[in-house]
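S.K.: Let me begin by handing over the structure; questions about it come next.
The values are calculated or read from the model by the stated rules, or taken from the named source; none is laboratory data. All of these numbers come straight from a predicted model, not from anything done at the bench. Note that we place each Cβ from the backbone using ideal geometry, even for glycine, and neighbour counts take in every protein chain shown. SASA here: full protein model, heavy atoms, side chains in, ligands and nucleic acids out. Shrake-Rupley method; radii C 1.70, N 1.55, O 1.52, S 1.80 Å.
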Amino acid sequence: MAGASSIAVPLPAGVEPTRLDVELLKAAFSAIVTLRYETSGDWEAALNQLETDGWKVHWGLTWHAEAKKGDDFEQASGKTLDETFAQLAQLARLDMVGHCP
């Protein structure tokens, strides 16, 4: 890609990324670039209209996780993987309690 821009992101001191870490970071940053630059801009008009109508809007990128076991299905989202999976695990535990005799 001629003239393509790139951004270097420093890692915390002492971090030696594994091959998996590098692939995860590439995928995450690629998703962010796609979300930011490959949109029609319609979302901004919808956001502006909501705010004009008096809504206070908070938005951001989140992690999303789903779990399925038989007919049971749970999903959770959060700002961090820890938060997301803690919520998902809690929902799954509640399903297990619901199936006790």
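S.K.: Would you mind telling me which numbered condition in (1) closer than 25 Å to Leu35 by Cα; (2) in contact with a Leu (Cβ under 8 Å, 6 or more places away or on another chain) Gly78 fails?
M.R.: Checking Gly78 against (1) closer than 25 Å to Leu35 by Cα; (2) in contact with a Leu (Cβ under 8 Å, 6 or more places away or on another chain), the one that fails is (2).
S.K.: Sticking with this structure for a sec: Suppose we filter the stretch 62-74 for residues that are of a type in the set (A, V, I, L, M) and surrounded by fewer than 11 Cβ atoms within 10 Å (Cβ to Cβ); how many remain?
M.R.: Looking only at that region, the number is 0.
S.K.: Go over the candidates Gln49, Gln90 one by one and state the one that is surrounded by 11 or more Cβ atoms within 10 Å (Cβ to Cβ) and either in a strand (DSSP E or B) or among the polar types (S, T, N, Q) (or both).
M.R.: So the residue among Gln49, Gln90 that is surrounded by 11 or more Cβ atoms within 10 Å (Cβ to Cβ) and either in a strand (DSSP E or B) or among the polar types (S, T, N, Q) (or both) is Gln90.
S.K.: Could you check the stretch 4-28 and list, in sequence order, the residues that are modelled with pLDDT under 90 and either part of a helix (DSSP H, G or I) or open to solvent by less than 80 Å² (accessible area, probe 1.4 Å) (or both)?
M.R.: Listed by number, the residues that qualify are Ala4, Leu24, Ala27, Ala28.
S.K.: Within 20 Å of the chain's Cα centre (by Cα), surrounded by 10 or more Cβ atoms within 10 Å (Cβ to Cβ), more than 21 Å from Lys79 (Cβ to Cβ) and at pLDDT below 90, is that true of Thr34?
M.R.: It is false that Thr34 is within 20 Å of the chain's Cα centre (by Cα), surrounded by 10 or more Cβ atoms within 10 Å (Cβ to Cβ), more than 21 Å from Lys79 (Cβ to Cβ) and at pLDDT below 90.
S.K.: Among the residues that make up the stretch 57-65, is at least one of them free of Cβ contacts under 8 Å to residues at least 40 places away in the same chain and touching a Phe, Trp or Tyr at 6+ places or on another chain (Cβ under 7 Å)?
M.R.: yes
S.K.: Which of the residues that make up the stretch 75-87 are open to solvent by less than 100 Å² (accessible area, probe 1.4 Å) and either modelled with pLDDT under 95 or outside any strand (DSSP E or B) (or both)?
M.R.: Passing the criteria: Ser77, Gly78, Thr80, Leu81, Glu83, Thr84, Ala86, Gln87.
S.K.: May I ask you to verify whether Glu44 is assigned to a helix (DSSP H, G or I) and at pLDDT 90 or above?
M.R.: no
S.K.: Go through the stretch 1-40 and give me each residue that's farther than 23 Å from Gly60 by Cα and of a type in the set (S, T, N, Q).
M.R.: Ser5, Thr18, listed by residue number.
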